[in-house]
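These notes are about the structure you will find just below.
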Amino acid sequence: MTEGFKSKFNNEKGQTLVEYALILVLIAIVVIVIMKVLGRTTSNVFSTATSALTNP
């Protein structure tokens, strides 16, 4: 009886799935932060270019 109980806790499939999910969440957070930073920078570049073209 205890062998069956122990085998349920030694199953690593669920653990691996949770690890992959955590890695995926971490990657998503990093991508969101990068997009926000680059979005501001890109917006500033286009604003500068527009101003330069409008007022030569």
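The values are calculated or read from the model by the stated rules, or taken from the named source; none is laboratory data. The shown structure was predicted, so the numbers you read here are calculated from the model rather than taken from an experiment. Glycine also receives a Cβ, built like all others from the backbone with ideal geometry; neighbour counts cover every protein chain displayed.
Details
- Filter pass, A21 being surrounded by 10 or more Cβ atoms within 10 Å (Cβ to Cβ) and at pLDDT 85 or above: yes
- Out of A49, A28, sole residue that is at pLDDT 90 or above, hydrophobic (A, V, I, L, M, F, W, C) and part of a helix (DSSP H, G or I): A28
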